[in-house]
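These notes are about the structure you will find just below.
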Amino acid sequence: MTVPFAHAGMTATRRRRGVLAMALSTVVGFVLLFGATAVPASAETPTPTPTASGTVTVTLAPLGDGEVASGDTLPATLTVDNGTSSAVTVGAVGLVLGDQAITDRAALQSWLDGDGTTPAGTTVATSDVGTVEARASGGGSFLVAAEDAALTGRAAGVYPLWITSDSISARSVIVVPDGTAATVGVVVPITAGALETGLLTADELSTLTAEDGSLTQQLDAVEGTNAILAVDPAIAAAIRVLGTSAPTTARAWLTRLEQLPNSRFALQFGDADVTTQLAAGLSTPISPTSLVSYIDDVDLPAEPDPSPSASESSDSSSTTTVPDLTTLLDVGETSATAFWPPAGSTSTAAVDTLAQDSAGALTLVASTAVASGAEGATVSARGQTTAGSGVLVYDAAISTALGTAASAADLVTRSAALATASAFLSFAAADAGGAPLLVTVERGGTFTETGLRAAITAITDTTGVSITALDGLTTASSTELALVDGTVDASRTSAVSSLTTGADRIAAFATILDDPALLTGAENAEILQLLGSAWIGQNDAWQAALSSHSTQTQDTLDSVSIVQPTSINLLTAGTNLKFWIHNALPYPVNVVLLAAPDDLRLTVERATEVTAVAGESDAASNTPVEVPVLARIANGEVSITLALRSPTMEPIGADQVVEVNVRADWENVGLALLAVLIGGFVTLGVIRTVRHRRRIARAREAEGEDGS
């Protein structure tokens, strides 16, 4: 077995390749030495046990990124995932390397798709896979030495690689580099995945920024590379609104992100799908308006009160500044304003609208969304529409392969995807003619540090490739391009309409608050998260999230209401009727209670302003309100319709009706009876007094007569 020798004239890239090849060769050598048929497992991602899929899946991959330079060995591996209920006998398998290079990108895609005839080739290695039991995995390993005649002196190009077997088949490719110079930008998303809430919670941040957390792994993967970062600003905002109460790991993660030298741009909040919003009829994409309701304990320096009285006073009073929205959403110095819609959803109209909404904005579009690249041809990175709207075109085939590699659960799947990416990059570099290219790590999977790092280095370490920052793409010469309009899922545009209707209802309802943004800001943030690109491909979970949001919206609209009143007996001409305002919001609300009787027997105060106190500790509050009424002489049943309105007269909650039994003449009767009683008592008193005096007079007269 021969391993590459890192001589003094080798570049750093070639030295890294040599080390990789040596390590891979050693691994495969040991596997072959001990006759193992299991697939070599990476330490960090063991091959999972197959599920009962009902199919047999076969994957062939040259280990590494598929590039086999002069003096390199060719290690390859084969996996057989048997998802059926029966064992599969494979036996001996041959690894075949094509004699002739693949001619172009179209031929490469056809080969990988399994189309066309098998070309002439040479069997370069064999392996005995044996029998793969039901619902189990098996495989074989191959190693072609560097001095093998099949590799020695092989001309540069992309070569087909396949296996020969009576029961299974699999295809892949290798790349023999020719050193063609190419300038490539690599965009890597920094996102948190699908969310229902407006911002990540402290617990979620703690998990994501832990040592093995997804966000930590993303930064670990890009650190030390020249990747262009596409950062979801909602992540930074979630950390900043928590201030000192944010997890220590989250604050350290944010500091680390800010200090990375990589060029970057901000995604839409929550990585929201902008083209679906425009397709739903919105004139501009939704933007976050306020995150004040999320702010907890902002750790910012206190600013002194600027008033003269404060400066003259010996008391050094100060206030803490709440960060504005721009500060909360800051992801570091950005090189451009850019939009990154989901692949297949862009259109000329959408790109032009985005450019008009944000002057100078660029939209990332897949090469297959450009007329010249619709059939898979290479398209250089910098372009513009006929209206002059800027676009950055990323290579669809390479980006898809990189996304697969970044989220692959095992080494073989990752290596197969990287070989595909390297092959397409080889053709793209030759086709570009010196113009810069753009690739992305396509969203949609759960990235691991190992997978994402491998995807990035598969591009950055490719022979002849120079990596450019975002500025190198935005300042490149722009070519006018004709875009092919994509399609937007009707269920997503329908969801946008439903969500914005709910947002309009919340906005009207929020006029009961001193600061309506406490509700409208949170609602906008949640809508943007629900429109996040990470939900694409998770339709069932997304529909459940939409349903949950709809329920929460209705709960908010029902959180302030009139408590159902009971019937009232009114026995006096004038009094105050007491009602109660229910408030389940954590904020005090300003409402107007309207009262309208259906009969002239009762005169009611028509409008009464109320400030209903906030609920505490997740418990609602009930605030009393007294409404003056005046009853006329006539008796009878009167219905009073009670309605709540915001200070701007927006309806709040459901109307209530209270039945009032008016008996106002009882008061007059009572007064007359009381007058009679009082008169009677006075008359009786007078009579008793007169009689008493007469008795006294008669007694005195009798005493006088006795004395005489």
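The values are calculated or read from the model by the stated rules, or taken from the named source; none is laboratory data. A quick note: this is a predicted structure, and the numbers were derived from the prediction, not measured. Cβ coordinates were reconstructed from backbone atoms using ideal geometry, including for glycine residues, and neighbour counts include every protein chain displayed.
Tabulated values for the structure
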{"item": "Pair list, Cβ < 9 Å and 6+ apart or interchain, from region 148-175 residues that are at positive phi to residues that are assigned to a strand (DSSP E or B)", "result": "Gly157/Val175; Gly157/Val176"}
{"item": "Any hit, region 537-547, residues being out of contact with any strand residue (DSSP E or B) (no Cβ under 7 Å at 6 or more places or on another chain) and more than 27 Å from Ala192 (Cα to Cα)", "result": "no"}
{"item": "Per-region count, region 297-327, residues of a type in the set (A, V, I, L, M, F, W, C), out of contact with any Pro (no Cβ under 8 Å at 6 or more places or on another chain) and modelled with pLDDT of 50 or more", "result": "1"}
{"item": "Test: residue in region 193-202 that is buried (at least 17 other Cβ atoms within 10 Å of the Cβ) and β-branched (Val, Ile, Thr)", "result": "yes"}
{"item": "Meets criteria (under 24 Å from Gly332 (Cβ atoms) and surrounded by fewer than 23 Cβ atoms within 10 Å (Cβ to Cβ)) for Gln259", "result": "yes"}
{"item": "Within region 59-98, tally of residues that are among the aliphatic types (A, V, I, L, M), closer than 14 Å to Phe142 by Cα and touching a Gly at 6+ places or on another chain (Cβ under 7 Å)", "result": "4"}
{"item": "Condition met for Gly445 (part of a loop (DSSP other than H, G, I, E, B) and buried (at least 18 other Cβ atoms within 10 Å of the Cβ))", "result": "yes"}
{"item": "Any hit, region 639-661, residues being surrounded by 15 or more Cβ atoms within 10 Å (Cβ to Cβ), outside any strand (DSSP E or B) and free of Cβ contacts under 8 Å to residues at least 40 places away in the same chain", "result": "no"}
{"item": "Criterion: out of contact with any strand residue (DSSP E or B) (no Cβ under 6 Å at 6 or more places or on another chain) and crowded, with 24+ Cβ neighbours inside 10 Å - qualifying residue of Ala387, Ala429, Ala423, Ala401", "result": "Ala401"}
{"item": "Residue satisfying condition, being in a loop (DSSP other than H, G, I, E, B) and surrounded by fewer than 20 Cβ atoms within 10 Å (Cβ to Cβ), within set Asp514, Asp504, Asp540", "result": "Asp514"}
{"item": "Boolean, Ser548 is farther than 29 Å from Arg505 by Cβ and either surrounded by 14 or more Cβ atoms within 10 Å (Cβ to Cβ) or of a type in the set (Ser, Thr, Tyr) (or both)", "result": "no"}
{"item": "Selection count, region 117-133, where residues are in a loop (DSSP other than H, G, I, E, B) and touching a strand residue (DSSP E or B) at 6+ places or on another chain (Cβ under 6 Å)", "result": "1"}
{"item": "Residue ranges of strands (runs of 3 or more DSSP E) in region 549-623 with at least 3 members free of Cβ contacts under 8 Å to residues at least 60 places away in the same chain", "result": "574-583, 589-597, 607-612"}
{"item": "Residues of region 448-479 classified as in a loop (DSSP other than H, G, I, E, B) and either without any contact (Cβ under 8 Å) to a residue 40 or more places away in the chain or of a type outside the set (Gly, Ala, Ser) (or both), total", "result": "6"}
{"item": "In region 365-381, the residues that are surrounded by fewer than 24 Cβ atoms within 10 Å (Cβ to Cβ) and either within 25 Å of the chain's Cα centre (by Cα) or in contact (Cβ under 8 Å) with a residue 60 or more places away in the chain (or both)", "result": "Thr368, Val370, Ala371, Ser372, Ala374, Glu375, Gly376, Ala377"}
{"item": "Selection status of Ala150, outside the structural domain of Val393 (by TED's automatic domain parsing), surrounded by fewer than 24 Cβ atoms within 10 Å (Cβ to Cβ) and either under 28 Å from the mean Cα position of the chain (by Cα) or over 30 Å from Asp540 (Cβ atoms) (or both)", "result": "yes"}
{"item": "In region 499-517, the residues that are in contact with a helix residue (DSSP H, G or I) (Cβ under 8 Å, 6 or more places away or on another chain) and of a type in the set (Asp, Glu)", "result": "Asp515"}
{"item": "Residue under evaluation Ile456, criteria (1) within 22 Å of Thr180 (Cα to Cα); (2) modelled with pLDDT under 95, criterion not met", "result": "(2)"}
